[in-house]
Amino acid sequence: MVMAEAEAREYRQELSVHPRTLVAIRRIVGMRVRMWGFGQLEEAVTLCVHELLTNVDKHAPTPRCVLTLQREIAGVRAIVSDTSTELPVLREPDWSAENGRGMVVLENLADAWGATLNSDGKDVWFEVSDHAIPQGA
């Protein structure tokens, strides 16, 4: 069973985000990233997922969302789909404020990120890669 899970290229989970659930979700994400052989990316991926899920809790009309992790050749792609149609915007944060830095964290840790509207709201995605792995490996 563990072998089959490690070979799976996608992990999908429907969630109801709440600050108390974020620790458990980070553990699940970290475990999946390690199973795929990208332990060196675990911290970046889990922190970026945490930031996107925190945005769902703070900005979406409901805490319901879907987290999808995809194993890529050289890293991990994550997608958080929620019911809000408001696309995230990268802004210069107020460093004295308690929040407002999530997209800056994503910008600095992810190799790429973006957001698109869908029929139910939006998808916010990011990719984190291990640059030591040659493309096409």
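Values in this text are rule-based calculations from the coordinates and carry no lab data. Here the structure is a predicted model, which means the values were calculated and not measured. Reconstructed Cβ throughout: ideal geometry from the backbone, glycine too, with neighbour counts over all protein chains shown.
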- Fewest-first ranking of Glu14, Glu42, Glu51, using other Cβ atoms within 10 Å as the exposure measure: Glu14, Glu42, Glu51
- Query: Convex hull over the Cα atoms of the range 2-129, averaged projected area in nm²?
  - Reply: 7.8
- Relative contact order (percent, whole number), the range 2-129, Cα cutoff 8 Å, 6+ residue spacing: 25
- Per-residue HN-Hα couplings for the range 74-85, Karplus 6.51 cos²θ - 1.76 cosθ + 1.60 at θ = phi - 60°, whole Hz, x for Gly and Pro? 10, x, 10, 10, 10, 9, 10, 10, 10, 9, 7, 9
- At a Förster radius of 25 Å, what calculated FRET efficiency corresponds to the Cβ-Cβ distance of Gln40 and Val104, to the nearest 0.05? 0.65
- Cα→Cβ-extended label distance, 7 Å offset, between Val66 and Arg27, nm: 2.6
